[in-house]
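J.: Just dropping this structure here.
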Amino acid sequence: MLAVPPGGAASHGRHGLSSGAKKTSKKCRPRRSKRGRRRRSKKSNRSDHKSQQPFLPPEAEEGNIEYKLKLVSPTQYRFEHLATQLKWRLQEGRGEAVYQIGVEDNGLLVGLSQADMEASIATLKKMADKVGADITVLREREVDYEPDASTRRIAEVLVRKVPDDQQFLDLRVAVLGNVDSGKSTLLGVLTQGELDNGRGRARLNLFRHLHEIQTGRTSSISFEILGFNSRGQVSTCVSQQGVQGSAHPMSVQVVDYSHSRSAEEICESSSKMITFMDLAGHHKYLKTTIFGLTSYCPDFAMLVVSANTGVAGTSREHLGLAMALKVPIFVVVSKVDVCSRGTVDKTLRQLERLLKQPGCNKVPLMVSNPDDAVAAAQQFAQSACITPILTVSSVSGESLELLKVFLNVLPPLSNSKEQEELMQQLTEFQVDEIYSVPEVGTVVGGTLYSGVCREGERLVVGPTDQGHFLRLRVASIQRNRSACRLLRAGQAATLALGNFDRSLLRKGMVMVSPKMKPTVCREFEAAIVLLFHAKTFRRGSQVTAHVGNVRQTAVVQSLYGKEELRTGERAVVGFRFIKHPEYLRTGAKLLFREGVTKGIGHVTRLLPADQNHRQNQNPY
């Protein structure tokens, strides 16, 4: 369904009440002539129909969504202007744009005749060809703009840039959920292109360790990719009266391992890439899951809930972690093939109650057809409170196509302006993984937080246990297991460092430009909220602090203005790392835990490693 703003629904409701009032008051009025009654009835029906006319929010100047009433036979000057406008929208969407054809700038759904619609889409195709892009009709629908007029249609068209030099749109999705909820199996089915046999065959390619294969439980972070080409999908048609309608099946052309022999081929054929981070579901590996959420900076989180067990185990904890880190989350209910419809409905009701609780304040949005999937993907990215819910089966393949449609349409959260601002800063690469590769040497994996990184660039890495930074050179770069010469801010990659001594590296380090002159700290202050503590949180308490890719035990040095904290209370707290100094940024998100103790906050002040912190001085 198209997104109808609250104002539209409210005005519709007011109209219904007023027309009801008119009917009641007619009994007390004197009878009119038949001609007068017919004239009044016709006028009333016309105004009633106009008030029910669906509409979209007014067009925004920024963003990747463009409204066009029609694009029929433009002049050459007009065509050049339209192509420039399309290029701007593609830049705003980092390679993707959505055109609503048959819609006025104020959001009113006017619609076009069939001939004008075909001509408009043909013009949009020429515009896309000019800027090196492809178009896909996501959905078409009928609207009743005038009661006696012929059928008019509106269309929603996805425009996607053809990839060049591996600069495809890359979205990272963290996969969360309780152990045995079917996370790895679902990813195996999505990325390998084959259904599961019901005994976990699809997940075997995702596991990295022997004990994972033996137990069937993920204990480490693994990455899987799913690509969409520039055309994205086969066109679909949705018939609609007003805002209601029924959808026909939609098929999506994905680029996975069933069509490609290697990750390099997937990257070369894709305009949009979804990188799934399969995180551990067992509570024993919670620190690994938190590290994946804080270090790899996922764009979205996919919470997988088993239909037969419901929201159980670590599902609530994972949901809370994603919300604390402000990662937009959508829910996939798996294993619907092994449950009765009543059991699935019970799980969905449990999910809705959980999402609507005061701590969550989410609006569940069920996805049951392709039209819902397109609308849910767009609303999900525009509003933080929307939480789409999909039900799938990795064995029967039920609704897997809807999940692919949802992922295909899902837009990036950051626009081109934010991306350019990050790229203009100095280089900063977070070290998350360290490998030794034969004939290559030391290799580090992680995410480029800011700047641009090139082959042959000289950087410094640190801090060491003594707080120093060491010089090194980037020998080569790989993204998604394929070579690339340039790395931009926000992209994840592996960097080969040649014969650099691996023993000098550890997780949590950063590689930065020497021009940055990085400083390190052993002590820092943070504004926190204590989410839960069994007793009281006070000076001397020890916690495991997670700040970006940094994970280290820290001791509470001071609580400003308070002697102790209880669950739900806020304070500015001074922390001190126990083992060695770290590189932090002011404003970075902080998540700390120890047993049942949990808290969140952000770094407010850094104290350099060589500065003595005065315990009793309150700077606030």
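J.: Considering region 546-565 alone, what residues qualify as being charged (D, E, K, R) and under 19 Å from L505 (Cβ atoms)?
T.: Applying the first criterion (charged (D, E, K, R)) to region 546-565 yields 551, 562-564.
Residue satisfying the conditions is R551 alone.
J.: Still on this structure, I have one more. Scan region 553-564 for residues that are open to solvent by 20 Å² or more (accessible area, probe 1.4 Å) and among the small types (G, A, S) and jot them down.
T.: The answer is G561, and nothing else.
For every residue, the table says whether it meets (1) more than 15 Å from T427 (Cα to Cα); (2) open to solvent by 50 Å² or more (accessible area, probe 1.4 Å).
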{"residue": "V452", "(1), (2)": "no, no"}
{"residue": "A483", "(1), (2)": "yes, yes"}
{"residue": "S503", "(1), (2)": "yes, yes"}
{"residue": "R506", "(1), (2)": "yes, no"}
{"residue": "F524", "(1), (2)": "yes, no"}
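J.: Here's another thing I want to ask about it. Quick one: in region 100-129, of everything that is closer than 17 Å to Q85 by Cα and in contact with a Phe, Trp or Tyr (Cβ under 8 Å, 6 or more places away or on another chain), which residue is most open to solvent (accessible area, probe 1.4 Å)?
T.: This residue is K126.
J.: Pick from region 130-161 the residues that are crowded, with 21+ Cβ neighbours inside 10 Å and small (G, A, S): which of them is nearest to L86 (Cα to Cα)?
T.: Filtering first and then ranking leaves A133.
J.: Same structure again: Within region 588-607, can one find any residue that is open to solvent by less than 60 Å² (accessible area, probe 1.4 Å), part of a loop (DSSP other than H, G, I, E, B) and farther than 24 Å from L286 by Cα?
T.: Going residue by residue through region 588-607, those that are open to solvent by less than 60 Å² (accessible area, probe 1.4 Å) are 588, 590-593, 597-601, 603-604, 606-607.
Now narrow it down to the ones that are part of a loop (DSSP other than H, G, I, E, B): 588.
Within this subset, residues satisfying the condition of being farther than 24 Å from L286 by Cα are none.
Within region 588-607, none of the residues are open to solvent by less than 60 Å² (accessible area, probe 1.4 Å), part of a loop (DSSP other than H, G, I, E, B) and farther than 24 Å from L286 by Cα.
J.: When residues of region 529-563 are filtered for being under 30 Å from G446 (Cβ atoms) and hydrophobic (A, V, I, L, M, F, W, C), how many remain?
T.: Count: 9.
J.: Right, another one. Can you name the residue in region 52-93 that is touching a Ser or Thr at 6+ places or on another chain (Cβ under 6 Å) and open to solvent by 60 Å² or more (accessible area, probe 1.4 Å) and is also modelled with the highest pLDDT among such residues?
T.: Of everything passing the filter in region 52-93, K70 is modelled with the highest pLDDT.
Let's see how each residue does on (1) within 23 Å of S150 (Cβ to Cβ); (2) of a type in the set (S, T, Y); (3) free of Cβ contacts under 8 Å to residues at least 60 places away in the same chain:
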{"residue": "N64", "(1), (2), (3)": "no, no, no"}
{"residue": "V72", "(1), (2), (3)": "yes, no, yes"}
{"residue": "T84", "(1), (2), (3)": "no, yes, yes"}
{"residue": "E92", "(1), (2), (3)": "no, no, no"}
{"residue": "E96", "(1), (2), (3)": "no, no, no"}
{"residue": "D105", "(1), (2), (3)": "no, no, yes"}
{"residue": "L109", "(1), (2), (3)": "yes, no, no"}
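J.: Continuing with the same structure: Can you give me the ranges of the strands (runs of 3 or more DSSP E) entirely in region 64-150 with at least 2 residues that are touching a strand residue (DSSP E or B) at 6+ places or on another chain (Cβ under 8 Å) and over 29 Å from P412 (Cβ atoms)?
T.: Working: elements: 65-68, 96-101, 133-143.
Strands (runs of 3 or more DSSP E) meeting the threshold: 133-143.
J.: Next question. Take the conditions under 30 Å from S315 (Cβ atoms), assigned to a strand (DSSP E or B) and modelled with pLDDT of 85 or more and apply them to A155. Does it pass?
T.: Working: under 30 Å from S315 (Cβ atoms): no; assigned to a strand (DSSP E or B): yes; modelled with pLDDT of 85 or more: yes.
Spelling it out, it is not the case that A155 is under 30 Å from S315 (Cβ atoms), assigned to a strand (DSSP E or B) and modelled with pLDDT of 85 or more.
J.: Let me ask you something else. Which ones in region 500-517 are more than 19 Å from S450 (Cβ to Cβ) and of a type outside the set (F, W, Y)? Can you show your working first?
T.: As a first pass, look at region 500-517 and keep what is more than 19 Å from S450 (Cβ to Cβ): 500-507.
Listed by number, the residues that qualify are D501, R502, S503, L504, L505, R506, K507.
J.: Turning to a different aspect of this structure: I need the full set of residues from region 533-552 which are surrounded by 14 or more Cβ atoms within 10 Å (Cβ to Cβ) and closer than 20 Å to L321 by Cβ, in order please.
T.: H533, F537, V543, T544, A545, H546, V547, G548, N549, V550, R551, Q552
J.: Among the residues of region 180-195, how many are assigned to a loop (DSSP other than H, G, I, E, B), of a type outside the set (G, A, S) and closer than 16 Å to V333 by Cα?
T.: 1
J.: If I filter region 281-299 for residues that are modelled with pLDDT of 90 or more, more than 24 Å from V550 (Cα to Cα) and within 17 Å of the chain's Cα centre (by Cα), do I get at least one hit?
T.: no
J.: Given the criterion β-branched (V, I, T), within 30 Å of V98 (Cα to Cα), open to solvent by less than 20 Å² (accessible area, probe 1.4 Å) and within 16 Å of the chain's Cα centre (by Cα), identify the matching residue among V374, V367. Break it down stepwise before answering.
T.: Values: V367 fails: within 16 Å of the chain's Cα centre (by Cα).
None of the others qualify; the one that does is V374.
J.: Go over the candidates R539, R522 one by one and state the one that is charged (D, E, K, R), in contact (Cβ under 8 Å) with a residue 12 or more places away in the chain and in contact with a Phe, Trp or Tyr (Cβ under 6 Å, 6 or more places away or on another chain).
T.: Exactly one residue qualifies, and that residue is R522.
J.: Enumerate the strands (runs of 3 or more DSSP E) found wholly within region 473-583, keeping only those where 3 or more residues are at pLDDT 95 or above and not β-branched (V, I, T). Can you show your working first?
T.: Details: elements: 476-479, 482-484, 486-488, 492-496, 510-512, 521-532, 542-547, 550-560, 570-577.
Qualifying strands (runs of 3 or more DSSP E): 521-532, 570-577.
This table checks each residue for (1) surrounded by fewer than 19 Cβ atoms within 10 Å (Cβ to Cβ); (2) over 27 Å from the mean Cα position of the chain (by Cα); (3) of a type in the set (D, E, K, R); (4) assigned to a helix (DSSP H, G or I).
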| site | (1), (2), (3), (4) |
| --- | --- |
| L402 | no, no, no, yes |
| V405 | no, no, no, yes |
| L426 | yes, no, no, no |
| D432 | no, no, yes, no |
| Y435 | yes, yes, no, no |
| V444 | no, no, no, no |
| Y449 | no, no, no, no |
| G456 | yes, yes, no, no |
| T464 | yes, yes, no, no |
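The values are calculated or read from the model by the stated rules, or taken from the named source; none is laboratory data. Just so it is clear, the model here is predicted, and its values are computed rather than measured. In this analysis, Cβ positions are derived from the backbone assuming ideal geometry, glycine residues included, and neighbour counts consider all displayed protein chains. Calculation scope for accessible area: heavy atoms of the full protein, side chains included, ligands and nucleic acids excluded. Shrake-Rupley method; radii C 1.70, N 1.55, O 1.52, S 1.80 Å.
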